[in-house]
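Q: This structure is in structure tokens; I'll ask about it shortly.
The values are calculated or read from the model by the stated rules, or taken from the named source; none is laboratory data. Note that the coordinates shown come from a computational prediction; the quantities given were computed from them, not determined experimentally. Cβ: placed from backbone, ideal geometry, glycine included. Neighbour counts: every protein chain shown. Surface accessibility is based on the protein's heavy atoms, side chains included, excluding ligands, DNA and RNA. Shrake-Rupley method; radii C 1.70, N 1.55, O 1.52, S 1.80 Å.
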Amino acid sequence: MPAAAPPEEAPAEAASPWTGEAAAGVDDERLASLLRDHWEWVMRSSPTWATELGDHRYDARIPDESYEAVQARRRERRAWLARAREIDPDALSARDRVTHALFVEDLESTIAEEVCETELWSLSAMHNPLTEWSYLPRLHRVETYDDGRNLVARYRAIPRAVDDEITRLRIGAERGLYTNAETTRRVIAMVRGQLDEPLEGSPMMAPAREERAGWTADERTTFASGIATAVRDGIRPALGRYADFLEAEILPRARDEARSGVGSLPFGEACYAARIRRYTGLPKTAEELHRTGLAELGRINGAMRELGGRLFGTGDLAEILARLRGDPSMYFDSPEAIEEKARAALAAARAKIPEYFGVLPQAECVVTRVPDYEAPFTTIAYYRPPHPDGSKPGEYFVNVTEPETRPRYGAEVLAYHEAIPGHHLQIAIAQEIEALPTFRRHMGLTAFVEGWALYAERLADEMGLYSGDLDRMGMLSYEAWRAARLVVDTGIHAMGWSREQAVQTMLAHTALAENNVRNEVDRYISWPGQALAYKVGQLEILRLRREAEERLGERFDVRAFHDVVLGGGAVSLPVLEARVTRWIAEREGA
């Protein structure tokens, strides 16, 4: 079948507020036209993300994730790639060649990982109809009555989206494609748990409870009624159908724990190779990454033994880990204490960053609790970016459930990874670079994004942000956690490891509590390859910094180095190397 033509550009009167910026900093008109047209397609295809970015043309829509729409987007991606390949990169300016290469790589790697067919079998405790749609009220801010009507329209479309997911999973099941049993059980429990709560407790009901200054009484009543009706009569029954389907049709045939990895699927080897490319941007093999992880674990565990001697009077790793896990005084005693520690860490980092960065973000970052329905099944923390129009700050979500399992010694390093100087600093700065095309400001390679955040954990020690040796032990344990990811992700998906083998490996090398380890391993199983990005990216940034320090000596400026690393957005690691190498040469010649 020939490739479909890319969808036509939206009419001028319906242009995106980003249209003028979609090709910012681009010299070549053919490339600029391609980027403008492609961004219009991205916004139409991703209406909720459009809302998040401040493009409100599609505020009454949600993404079409029907099987037919997924297949159509596959064809359209190939058409965009064909159009990009018509442009000769040798005829472009240096900066346009970088933009063109990043655009092509994003399309090529996305197309390559289509072999995984994840839409037909994948389940995740982090990304499922409950978690995705429960976040919609935070993403879609309601200020005017029209905002409210658009949100109600979206709510009314959600049942169809849930049914579309059921249909896709059923198509996959007919082909013999199933996820693993434990992840299925977790998603069922999460959805059932939320449905057992009263309607008023649903996070999707939150907009109906808020005050609406300036609205008439009829508008407030109509909006609240529309929200309640959509949730009660549409969304909750759809989620019930989803849980019933998983329980009756997926769970009985789901892969057992000895076959949790993607390697047990017919296309598993090709899928995992594509995921390695997608998440690292480098031609690495699973075996090579596994060896890197083992080597890094050995190095980091050695540092933990040395620090353990000062802290606990022992260099035995098992004893150190037992002490870190078993001493109740090292854990929080309340959700409020977790939040307070997170806010204090952010305040300390915020005060210190001008000494290490020349360019600082305008967007703020706030601490938010992971929602109760999600907390028992998800990771320790995560980050959601600010809205570029300033309507929402960056959010550092902390998991406060079971505070007695949340270690105090890990709280600072977690904040520095997820917020400042980690994700928030990098992502907010990228959003605010006016001379970059829009896709480079808001998209980017995972190895850069997560590699920077892991680099930021160690940078925080250089900045003097850790309160003491116990918090530095938390830093080392978290770095061991990311090194262990290389070992267990490749083990699960390429080497036939069971879930329990992965759990025991992480327990033996990190200080993570067992509940966190089990949630993390479930994440790696559900999201093949993503966990590889952290260490790969961090090691490359550290290598480039060492090279800069060695070549520049006293002329090395850490603020300038960080600005050049972050100044191009979340680029691929080869592009980052070229940026830093060019910067070093310029400084040498100055």
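Q: Only residues in the stretch 462-474 that are over 16 Å from ILE420 (Cβ atoms) count as the first member; pair them with residues that are among the small types (Gly, Ala, Ser) and modelled with pLDDT under 95, Cβ under 7 angstrom, at least 6 apart or cross-chain, and list the lot.
A: Hits for this filter: GLY474/GLY410.
Q: Among the residues of the stretch 536-577, which ones are part of a helix (DSSP H, G or I) and under 10 Å from PHE448 (Cα atoms)?
A: Filtering the stretch 536-577 for residues part of a helix (DSSP H, G or I) gives 536-555, 558-566, 573-577.
Scanning the stretch 536-577 gives VAL536, GLY537, GLN538, GLU540, ILE541, VAL565, LEU566, LEU573, LEU576.
Q: So which residues in the stretch 3-49 are at pLDDT 60 or above, farther than 30 Å from ASP147 by Cβ and aliphatic (A, V, I, L, M)?
A: Listed by number, the residues that qualify are VAL26, LEU31, ALA32, LEU34.
Q: Read through the list (1) open to solvent by 30 Å² or more (accessible area, probe 1.4 Å); (2) more than 30 Å from GLY261 (Cβ to Cβ); (3) without any contact (Cβ under 8 Å) to a residue 60 or more places away in the chain, then give the number of the only condition that ARG138 fails.
A: (3)
Q: Then there's this: Filter the stretch 277-308 down to the residues that are over 24 Å from GLY496 (Cα atoms) and open to solvent by 40 Å² or more (accessible area, probe 1.4 Å) and list them by number.
A: Within the stretch 277-308, ARG299, ARG305, GLU306 meet the criteria.
Q: Counting only residues that are of a type in the set (D, E, K, R) and part of a loop (DSSP other than H, G, I, E, B), which one in the stretch 22-42 is surrounded by the most Cβ atoms within 10 Å (Cβ to Cβ)? Spell out how you get there, then give the answer.
A: Initially, the stretch 22-42 is screened for residues of a type in the set (D, E, K, R), giving 27-30, 36-37, 40.
So of that shortlist, the ones also part of a loop (DSSP other than H, G, I, E, B) come out as 27-28.
On the way: ASP27: 13, ASP28: 20.
Only one residue fits best here, namely ASP28.
Q: Can I ask one more? Quick check on this structure: which one of ARG543, ARG579, ARG559 is more than 25 Å from the chain's Cα centre (by Cα), over 15 Å from ALA484 (Cβ atoms) and open to solvent by 30 Å² or more (accessible area, probe 1.4 Å)? So that I can check it myself, show each step before the final result.
A: Numbers: ARG543 fails: more than 25 Å from the chain's Cα centre (by Cα); ARG579 fails: more than 25 Å from the chain's Cα centre (by Cα).
Exactly one residue qualifies, and that residue is ARG559.
Q: Among the hydrophobic types (A, V, I, L, M, F, W, C), at pLDDT below 95 and within 27 Å of PRO371 (Cα to Cα), is that true of ALA189? If you could, list the steps in order and put the result at the bottom.
A: Working: among the hydrophobic types (A, V, I, L, M, F, W, C): yes; at pLDDT below 95: no; within 27 Å of PRO371 (Cα to Cα): yes.
Considered against the rule, which asks whether it is among the hydrophobic types (A, V, I, L, M, F, W, C), at pLDDT below 95 and within 27 Å of PRO371 (Cα to Cα), ALA189 comes out as no.
Q: Still on this structure, please answer the following. Return only the number of the condition from (1) free of Cβ contacts under 8 Å to residues at least 60 places away in the same chain; (2) farther than 16 Å from PHE439 by Cα; (3) open to solvent by less than 20 Å² (accessible area, probe 1.4 Å) that ASP59 does not satisfy.
A: Unmet condition: (1).
Q: Let me ask something else. Return the pair list, or none, for Cβ contacts closer than 8 Å from residues in the stretch 75-88 that are farther than 12 Å from LEU31 by Cβ and of a type in the set (Lys, Arg) to residues that are open to solvent by less than 40 Å² (accessible area, probe 1.4 Å) and modelled with pLDDT under 95, at least 6 apart or on different chains.
A: These pairs meet every condition: ARG75/ALA4; ARG78/ALA4.
Q: Something else: In the list TYR524, TYR466, TYR478, which residue meets the criterion of being of a type in the set (Ser, Thr, Tyr) and within 30 Å of TYR178 (Cβ to Cβ)?
A: Working: TYR466 fails: within 30 Å of TYR178 (Cβ to Cβ); TYR478 fails: within 30 Å of TYR178 (Cβ to Cβ).
Step by step, each of TYR524, TYR466, TYR478 is checked, and only TYR524 is of a type in the set (Ser, Thr, Tyr) and within 30 Å of TYR178 (Cβ to Cβ).
Q: State whether one or more residues within the stretch 401-424 are more than 18 Å from SER477 (Cβ to Cβ), β-branched (Val, Ile, Thr) and modelled with pLDDT of 95 or more.
A: Yes, the stretch 401-424 contains at least one residue that is more than 18 Å from SER477 (Cβ to Cβ), β-branched (Val, Ile, Thr) and modelled with pLDDT of 95 or more.
Q: Among the residues that make up the stretch 273-288, is at least one of them within 25 Å of the chain's Cα centre (by Cα), outside any helix (DSSP H, G or I) and free of Cβ contacts under 8 Å to residues at least 24 places away in the same chain?
A: Here is the first cut: in the stretch 273-288, the ones within 25 Å of the chain's Cα centre (by Cα) are 273-288.
Applying the additional criterion that residues be outside any helix (DSSP H, G or I) yields 281-285.
In the following step, the residues that additionally are free of Cβ contacts under 8 Å to residues at least 24 places away in the same chain were identified as 283, 285.
Scanning the stretch 273-288 turns up at least one residue that is within 25 Å of the chain's Cα centre (by Cα), outside any helix (DSSP H, G or I) and free of Cβ contacts under 8 Å to residues at least 24 places away in the same chain.
Q: A further question follows. Is it the case that some residue within the stretch 452-463 is of a type in the set (Ser, Thr, Tyr), under 27 Å from GLU514 (Cα atoms) and either modelled with pLDDT of 95 or more or over 18 Å from the mean Cα position of the chain (by Cα) (or both)?
A: At the first step, the residues of the stretch 452-463 found to be of a type in the set (Ser, Thr, Tyr) are 455.
Right, trim to under 27 Å from GLU514 (Cα atoms) and you get 455.
Restricting the remaining residues to those that are either modelled with pLDDT of 95 or more or over 18 Å from the mean Cα position of the chain (by Cα) (or both) gives 455.
Yes, because at least one residue in the stretch 452-463 is of a type in the set (Ser, Thr, Tyr), under 27 Å from GLU514 (Cα atoms) and either modelled with pLDDT of 95 or more or over 18 Å from the mean Cα position of the chain (by Cα) (or both).
Q: Tell me yes or no: at least one residue of the stretch 493-504 is open to solvent by less than 10 Å² (accessible area, probe 1.4 Å), within 29 Å of ARG343 (Cβ to Cβ), at pLDDT 95 or above and assigned to a helix (DSSP H, G or I).
A: no
Q: Within the stretch 207-226, which residues are assigned to a helix (DSSP H, G or I) and either open to solvent by less than 60 Å² (accessible area, probe 1.4 Å) or farther than 12 Å from VAL142 by Cβ (or both)? Break it down into steps so the answer makes sense when it comes.
A: First, the residues of the stretch 207-226 that are assigned to a helix (DSSP H, G or I): 207-209, 217-226.
Within the stretch 207-226, PRO207, ALA208, ALA217, ASP218, GLU219, THR221, THR222, PHE223, ALA224, SER225, GLY226 qualify.
Results for (1) under 23 Å from the mean Cα position of the chain (by Cα); (2) under 28 Å from ALA511 (Cα atoms); (3) of a type outside the set (S, T, N, Q), shown as yes or no for each residue.
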| residue | (1), (2), (3) |
| --- | --- |
| ASP333 | no, yes, yes |
| ALA347 | no, yes, yes |
| ALA363 | yes, no, yes |
| ARG369 | yes, yes, yes |
| PHE377 | yes, yes, yes |
| ALA381 | yes, yes, yes |
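Q: ARG485: surrounded by 24 or more Cβ atoms within 10 Å (Cβ to Cβ) and in a helix (DSSP H, G or I), yes or no?
A: Values: surrounded by 24 or more Cβ atoms within 10 Å (Cβ to Cβ): yes; in a helix (DSSP H, G or I): yes.
Against the criterion (surrounded by 24 or more Cβ atoms within 10 Å (Cβ to Cβ) and in a helix (DSSP H, G or I)), ARG485 qualifies.
Q: Quick check: is even one residue across the stretch 69-89 of a type in the set (Asp, Glu), under 26 Å from THR118 (Cβ atoms) and either buried (at least 18 other Cβ atoms within 10 Å of the Cβ) or modelled with pLDDT of 95 or more (or both)?
A: Scanning the stretch 69-89 turns up at least one residue that is of a type in the set (Asp, Glu), under 26 Å from THR118 (Cβ atoms) and either buried (at least 18 other Cβ atoms within 10 Å of the Cβ) or modelled with pLDDT of 95 or more (or both).
Q: While we're on this one: Quick one: which helices (runs of 4 or more DSSP H) lie wholly within the stretch 43-151 and hold at least 1 residues that are of a type in the set (Asp, Glu)?
A: Details: elements: 47-52, 67-85, 94-112, 129-134, 136-139.
Of the helices (runs of 4 or more DSSP H) lying wholly inside the stretch 43-151, those with at least 1 residues that are of a type in the set (Asp, Glu) span 47-52, 67-85, 94-112, 129-134.
Q: Taking only the stretch 314-363 into account, find how many residues are over 26 Å from ILE433 (Cα atoms), open to solvent by less than 50 Å² (accessible area, probe 1.4 Å) and in a helix (DSSP H, G or I).
A: Narrowing the stretch 314-363 to residues over 26 Å from ILE433 (Cα atoms): 314-345.
Within this subset, residues satisfying the condition of being open to solvent by less than 50 Å² (accessible area, probe 1.4 Å) are 314-315, 317, 320-321, 324, 327, 330-332, 334-335, 337-339, 342, 345.
Subsequent filtering for residues that are in a helix (DSSP H, G or I) retains 317, 320-321, 324, 330, 335, 337-339, 342, 345.
Count: 11.
Q: Let me ask another. Would you point out the residue of the stretch 227-263, among those that are closer than 30 Å to ALA494 by Cβ and either in contact with a strand residue (DSSP E or B) (Cβ under 8 Å, 6 or more places away or on another chain) or β-branched (Val, Ile, Thr) (or both), that is most open to solvent (accessible area, probe 1.4 Å)?
A: Looking only at the stretch 227-263, we keep the residues that are closer than 30 Å to ALA494 by Cβ, and these are 246, 249-263.
Subsequent filtering for residues that are either in contact with a strand residue (DSSP E or B) (Cβ under 8 Å, 6 or more places away or on another chain) or β-branched (Val, Ile, Thr) (or both) retains 250, 254-257, 259-260, 262.
Details: ILE250: 8, ALA254: 17, ARG255: 14, ASP256: 74, GLU257: 49, ARG259: 110, SER260: 3, VAL262: 1 Å².
Only one residue tops the list, namely ARG259.
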